[in-house]
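Heads up: the structure comes next, in structure tokens.
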Amino acid sequence: MSKTRILIADDHDVVRSGLRVLLRTSPDFSIVGEASDGEEAVRLTEKSTPDVVIMDISMPTLDGIAATKIIKERFPLVKVIILTVHEDEEYAFQVLRAGASGYVLKNAGKKDIFKAIESAMSGERFFSPGISKIIVESFIKRAEEQPVAKIAPKTSPDRQLTNRETEVLKYIALGYTNRQIADTLFLSFRTVNTHRANIMQKLGIHETAGLVRHAISLGLVNPGNG
């Protein structure tokens, strides 16, 4: 199996050095470059063709969110994981809009960083637990401020979710990746992928934000969850 090619982008030498040491503990990763600002990250992405860019937000010349947007527009197959100190809702939504595959806090452990890379390569998004909680609570707050009828997707009686699909929907709304849902419910990764696809088809919802809103409208998620 080929190694995952990783580009590190951070304006602090110490952070880049720490990530370099951490990533080299895995035989599955290969570091193909390091950038100290957003513009350099874009240039090196074109030059070194990484699979994943691990990107800081606060960088000179071009910030990480702007650099992420450019990279995703020019190189849509490249995955971007934001690694930052900012535990902030607005940053999280900006990152999502820019097309990033993950939002990981710099105080995260090795397990979370490696899981973020694995999730990105599997086509999933990964958020540090604190960020997942912030995002879910934000959706809950917005849902409480709007009539449920305005946000609840239309479903026909014969297209209701099964009990297992409802369980999977709940964990999606809590910010779990498909791999984490599989581990929690003792299912295979493939089975969870199938459930997720069936849920989207039945509800006519094809993005995670919509699934979260629907879970809230069903009462599957509340401010005490997570």
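Rule-based calculations on the coordinates, nothing more; no lab input. Please read these numbers as outputs of a predicted model, since none were measured by experiment. Neighbour counts are summed over all protein chains in view; Cβ atoms, including those assigned to glycine, are modelled from backbone coordinates with ideal geometry.
Distance between the pseudo-spin-label points of Asp183 and Ser26 (7 Å out from Cα toward the beta carbon): 1.3 nm.
Distance from the alpha carbon centroid of the stretch 1-55 to that of the stretch 172-190 works out to 28 angstrom. Relative protection proxy for 17-26, 88-97, 173-182, 44-53, from highest mean packing down: 173-182, 44-53, 88-97, 17-26 (other beta-carbon atoms within 10 angstrom).
How do 208-219, 193-204 rank on mean C-beta neighbours within 10 Å, highest first?
Numbers: 208-219: 18.6, 193-204: 16.6.
The densest-packed peptide leads the list: 208-219, 193-204.
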